[in-house]
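Input: a single structure, listed below in structure tokens.
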Ligand SMILES: Cc1cc2nc3c(=O)[nH]c(=O)nc-3n(C[C@H](O)[C@H](O)[C@H](O)COP(=O)(O)OP(=O)(O)OC[C@H]3O[C@@H](n4cnc5c(N)ncnc54)[C@H](O)[C@@H]3O)c2cc1C
């Protein structure tokens, strides 16, 4: 096939659609390839995306127009022990009219996150790209890159001899990025660098969601759990959608393999656990899915470009959890927007050399994408200690149970209670102090 396009973007997730839309707005002829039946049909995630201004560069008032589910105003962190759960809730100062009026009108958008239903959201976003002139080809899988003279010149799609050429390819094909591996930019991720997410969607009426989570209008709530993954390194989540609740677990893949526990059984037990079951009472499970996500931060970020090729989103390893938040969607969109900008400049100059496209990494370094990954580098490493998911949740629960126990015996001060909560467990004071120092370095 003769060159018909200035750029081919592979993957119509948040990274790919941002890149395609940005390039089209700059005047490029863009082909967006998606293996799913429609954009979003194969995409799932936990459910919450932190507010991100990047797409507003492409679509003014993006968040007032986009089909998000709820504007998150209540965020809870919970630590689950054997017999109790301890939680800390952040409630953004909000009135019920604020999200109902549309996120575009929020007075403090930076405190907002949105729950999204990816099949709806991704599809709508891809339609905006089409409206801007992008050619979207669905049910079409890119199988390999076309390489010539050390530069990427296009992609090969399923079917004999189906070659589509363009001087620029933006690979946004997700965590296992076939194209990044094909280009030799990385050799595939190791088990300790990725996580497996399993998620179930439970349908219930909007009113039931509001009542159970204490919400008004389009307000939303999220709850993240530590200590709920039965010794596997990982955490749990609950996110409110409009008329559904998304519940899931994310496990470090190496830890899951080591423990040999079936993830769907762990999810069943999480769903049946004391803090979760009442929230889902009577609700019907309508969807179950599993997906891999990048988890290791900067050490897993591959080379981000070569002649004729840019990587964005999960394909570039731009996703992390620091134990407080899980972020990937915002990094995907922002990196897609930056890829579009650098790609459009390359098109204008007619220069797709490795040197020219290396500007992409420089731009990412100036943005929150690589900065956040660097900021949380130590916290991301800290999340790889088994103790955080086993021992410490048990200690916190034991301490809180003792604190609230009232049995007619004299009360004790917190330090004594803490010593008792730790005693008899396989951790010494030195280890705890070392962990506290490491945590301080990671988060403080
Ligand atoms: C369980 C779970 C929970 C998560 N929770 C959160 C959260 O709460 N907040 C958050 O911000 N992030 C979360 N994430 C991460 C977030 O989903 C990703 O960071 C984000 O989706 C990355 O966007 P992307 O466009 O790079 O990739 P994707 O969303 O994976 O999109 C890639 C697209 O490429 C297509 N594709 C792949 N290969 C090909 C091919 N060869 N040819 C054509 N098309 C192809 C796919 O079908 C897909 O549409 C979570 C992820 C999981 C799995």
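The single condition among (1) at pLDDT 95 or above; (2) more than 15 Å from the ligand (Cβ to nearest atom); (3) within 18 Å of the chain's Cα centre (by Cα) that residue 379 does not meet is (1). Restricting attention to region 337-363, the residues that are under 25 Å from the mean Cα position of the chain (by Cα) and farther than 23 Å from residue 147 by Cβ add up to 5. Note on region 269-284: among residues that are surrounded by 13 or more Cβ atoms within 10 Å (Cβ to Cβ) and out of contact with any helix residue (DSSP H, G or I) (no Cβ under 7 Å at 6 or more places or on another chain), the one that is nearest to residue 251 (Cα to Cα) is 270.
The set of residues in region 85-110 that are modelled with pLDDT of 95 or more and in contact with a helix residue (DSSP H, G or I) (Cβ under 7 Å, 6 or more places away or on another chain) contains only 86. In this structure, residue 303 does not satisfy being part of a helix (DSSP H, G or I) and over 16 Å from the mean Cα position of the chain (by Cα).
Among residues of region 139-195 being away from the ligand (no atom under 16 Å from the Cβ) and closer than 30 Å to residue 382 by Cβ, the one that is modelled with the lowest pLDDT is 187. Checking the stated criteria, residue 329 turns out to be outside the structural domain of residue 203 (by TED's automatic domain parsing) and either crowded, with 22+ Cβ neighbours inside 10 Å or farther than 27 Å from residue 6 by Cβ (or both). Any idea which residue in region 1-21 is surrounded by the most Cβ atoms within 10 Å (Cβ to Cβ), counting only those that are within 18 Å of residue 352 (Cβ to Cβ) and at pLDDT 95 or above? Looking at the filtered set, the residue picked out is 9.
Each residue in region 421-442 was checked for being surrounded by 14 or more Cβ atoms within 10 Å (Cβ to Cβ) and over 17 Å from residue 382 (Cβ atoms), and 3 of them qualify. Within region 24-34, the residues that satisfy the criterion of being more than 15 Å from the ligand (Cβ to nearest atom) and either over 8 Å from residue 134 (Cβ atoms) or touching a helix residue (DSSP H, G or I) at 6+ places or on another chain (Cβ under 6 Å) (or both) are 25, 26, 27, 28, 29.
Within the option set 349, 354, being on the phi < 0 side of the Ramachandran plot, without any contact (Cβ under 8 Å) to a residue 24 or more places away in the chain and more than 16 Å from the ligand (Cβ to nearest atom) holds for one residue only, 349.
The values are calculated or read from the model by the stated rules, or taken from the named source; none is laboratory data. Just so we're clear, the structure is a prediction, and the values are computed from it rather than from any experiment. Cβ: placed from backbone, ideal geometry, glycine included. Neighbour counts: every protein chain shown.
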